[in-house]
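The next block holds one structure in the form of structure tokens; read it before the comments.
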Amino acid sequence: MLAYLSDGLRFLFREGSWSLKPHEEKTIWAALAILPDDQTALAKKQLDEQFFVERQSDGRIPCFRYYAEGRLSRLTGKYAVGDHFISVKLKAGDRKVSGKLVLHDGLVFGLEFSKPSSFFRHVGVDVISASCDDSSIGYTAVIDRAEHGSD
């Protein structure tokens with residue numbers, strides 16, 4: 001109950017919502033399409049559960065906070081442990097941008113975009129391609145360094 005109230009305040013202050021924005025949804029489904037079928041099914045079961053999308057860094061980093069996290073069907077195999085990134089190239093209007101789906105310890109954890117969410121407002125978004133990214137470096141690390149400096 002407390003989580004709902006907290007998320008309600010975040011919603012009022014425009015820090016998140018209970019639904020995905022169109023560019024976020026397209027990125028997720030494009031990324032999940034390249035996973036093996038059994039992993040895609042587990043990820044879809046997670047996304048069928050109720051969650052709150054907390055948006056950080058001007059909407060560049062939407063993170064999913066599941067209300068039933070302890071009961072979620074987690075991804076298995078190599079996706080069960082650690083961080084995994086699936087890169088998705090998008091065309092927004094006449095510009096190419098990129099996004100990443102972040103899998104963390106078997107959960108669809110969040111997304112990362114190279115542009116703020118306001119960039120995607122009022123433009124059509126199409127998926128160009130999706131690929132697994134073996135790199136452990138995401139936009140979150142780059143944004144963190146830009147906002148807070150290096151170690």
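Some notes on this structure:
- Within the stretch 89-114, restricting attention to residues that are surrounded by fewer than 18 Cβ atoms within 10 Å (Cβ to Cβ) and in a loop (DSSP other than H, G, I, E, B), the residue that is farthest from the chain's Cα centre (by Cα) is 94.
- Screening residue 93 with (1) closer than 15 Å to residue 24 by Cα; (2) modelled with pLDDT under 95 gives one miss only, at (1).
- Residue within the stretch 46-59 that is in contact with an Asp or Glu (Cβ under 9 Å, 6 or more places away or on another chain), farther than 18 Å from residue 72 by Cα and hydroxyl-bearing (Ser, Thr, Tyr) present: yes
- Lone qualifier among 74, 14 - being out of contact with any strand residue (DSSP E or B) (no Cβ under 7 Å at 6 or more places or on another chain), in a loop (DSSP other than H, G, I, E, B) and surrounded by fewer than 20 Cβ atoms within 10 Å (Cβ to Cβ): 14
- Boolean, residue 85 is surrounded by 14 or more Cβ atoms within 10 Å (Cβ to Cβ), at negative phi and in contact with a Phe, Trp or Tyr (Cβ under 9 Å, 6 or more places away or on another chain): no
Per-residue answers, yes or no, for (1) among the aliphatic types (A, V, I, L, M); (2) assigned to a helix (DSSP H, G or I):
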{"position": "7", "(1), (2)": "no, yes"}
{"position": "25", "(1), (2)": "no, yes"}
{"position": "35", "(1), (2)": "yes, no"}
{"position": "38", "(1), (2)": "no, yes"}
{"position": "41", "(1), (2)": "yes, yes"}
{"position": "62", "(1), (2)": "no, no"}
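The values are calculated or read from the model by the stated rules, or taken from the named source; none is laboratory data. The structure presented is a predicted model; accordingly, all values stated were derived computationally and were not measured. All Cβ positions, even for glycine, are placed from backbone atoms using ideal geometry, and neighbour counts span all protein chains on display.
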